[in-house]
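Here the structure comes first, spelled out in structure tokens, and everything after it is commentary.
The values are calculated or read from the model by the stated rules, or taken from the named source; none is laboratory data. From a predicted model like this one, the values you see are computed outputs, not experimental measurements. FYI the Cβ positions are ideal-geometry reconstructions off the backbone, even for glycines, and counts take in every protein chain you see. To get the accessible areas, we keep the full protein, side chains included, count just its heavy atoms, and leave off ligands, DNA and RNA. Shrake-Rupley method; radii C 1.70, N 1.55, O 1.52, S 1.80 Å.
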Amino acid sequence: MYKKNILAIHLNFQIFKGFSAILLILLGLIFSSRLVGYFEQALDGSLNPDIIFTILLLRLPDFLSLLIPFAFFLSLLLVVSELYQSNAIYAYFSAGVSRLQLMKYLAPFFLCTLIACSILSVFIGPYTKVLSKNLIAEQSFEDRLSTFKPGSLINLDNGISYLYFDAINESLMRDITFFVSKDASFSLIKADELEISNLSNQMILSFRNGTIHPDLNNSNKMDISFNELSHSIDIGGAPPNEFSLNKLLDYKKIKELSEAHLDKLKIHVKSADQKVEELSGGQRQAIAIARATAFNSKLVIMDEPTAACLLYTSPSPRDRG
């Protein structure tokens, strides 16, 4: 029994030495390749070089969860091969150790590696991976925000959307022009203020007091006023989030509100989606009145607003109250 314990300790020690050496070599290879990649990103200006080693340390559990099983398998393969090549395996057999008992000797070490991999993969690895992504996103956000200068045209997501502003105070910008040019559409936002913040790996654009022009190239032009409007753009190396102002508008709700307002003013048209060129002169005049009274203004000044309207289509401004 004593001999068998010595043999078990010796076998596990040999595997542990090989396991440690292989794991260190593999970690060195992965760290060096990742280090080169991160430095290339730093040279491109997409990553702050001060956080490279912090990111590598945060990614260490993720690397270990992948390398530990591979290192254990290789160390086991090398030790067993060495035992057969040097005929040392027969020393185990002569001591009364069978192949099944050899597997039992290796079971504790195998269970330790299995538990370590499970903990790293399920609990530690995902958490540190998220921390590293948030660190990159936060640093990328701060670095990118520091490059924003008043009076310059700023590209936000690979040539799709652009930002222009006249003044900035920390993250609050004033006199904003934000436009999106994609395919044949050209969308525009004019706003008094824009506050930029960071959430996870996204840049949050919060517009205040402005107007949206969803598509200036569309013949059926429209503009919508707003008090607050938010949009997010992916940062930190993630693929850019394609932006369309049309996605920010709830057209179903807009149509419902428009139809309700038209019914309130007794204005009869086929649909709230009907194009302007399909309306008669009187209908256009009535729609103009509806637009002027749609935002519950305290005072609306009109000069003969119903002059072009037919009697049965003429809305009464008194009906809006």
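Regarding L111, is this residue open to solvent by 60 Å² or more (accessible area, probe 1.4 Å) and without any contact (Cβ under 8 Å) to a residue 24 or more places away in the chain?
On the way: open to solvent by 60 Å² or more (accessible area, probe 1.4 Å): yes; without any contact (Cβ under 8 Å) to a residue 24 or more places away in the chain: yes.
When the stated conditions are applied, L111 passes them.
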>> Testing Q101 on (1) out of contact with any helix residue (DSSP H, G or I) (no Cβ under 6 Å at 6 or more places or on another chain); (2) open to solvent by 60 Å² or more (accessible area, probe 1.4 Å), one condition comes back false. Which one is that?
In response: (2)
>> I'm trying to understand the selection: among the residues of the range 269-284, which are open to solvent by less than 40 Å² (accessible area, probe 1.4 Å) and touching a residue at least 24 places away in the same chain (Cβ under 8 Å)?
In response: G282
> Out of the range 290-321, which residues are of a type in the set (S, T, Y) and modelled with pLDDT of 75 or more?
Replying inline: T293
> Just wondering, is there one or more residues in the range 75-83 that are open to solvent by 90 Å² or more (accessible area, probe 1.4 Å) and among the acidic types (D, E)?
Replying inline: yes
>> Given the criterion at pLDDT 70 or above, out of contact with any helix residue (DSSP H, G or I) (no Cβ under 9 Å at 6 or more places or on another chain) and buried (at least 18 other Cβ atoms within 10 Å of the Cβ), identify the matching residue among I287, I233.
In response: I233
>> Tell me the residue from V122, V97 that is among the aliphatic types (A, V, I, L, M) and under 30 Å from Q41 (Cβ atoms), please.
In response: V122
> Pairs, please: C-beta under 9 Å, at least 6 apart or cross-chain, first residue more than 13 Å from L265 (Cβ to Cβ) and in the range 288-300, second open to solvent by 50 Å² or more (accessible area, probe 1.4 Å) and at pLDDT 80 or above?
Replying inline: F295/S225
>> Being at pLDDT 90 or above, open to solvent by 60 Å² or more (accessible area, probe 1.4 Å) and under 26 Å from the mean Cα position of the chain (by Cα): is that true of V122 here?
In response: yes
> Of the conditions (1) open to solvent by 30 Å² or more (accessible area, probe 1.4 Å); (2) touching a residue at least 60 places away in the same chain (Cβ under 8 Å); (3) not in a strand (DSSP E or B), D215 fails just one. Which one is it?
Replying inline: (2)
>> Of everything in the range 186-203, what is under 18 Å from E170 (Cα atoms) and either of a type in the set (K, R) or open to solvent by less than 30 Å² (accessible area, probe 1.4 Å) (or both)? Give them in sequence order.
In response: A191, L194, I196, M203
> Where residues in the range 157-185 are in contact (Cβ under 8 Å) with a residue 24 or more places away in the chain and open to solvent by 60 Å² or more (accessible area, probe 1.4 Å), which of them is nearest to the chain's Cα centre (by Cα)?
Replying inline: N158
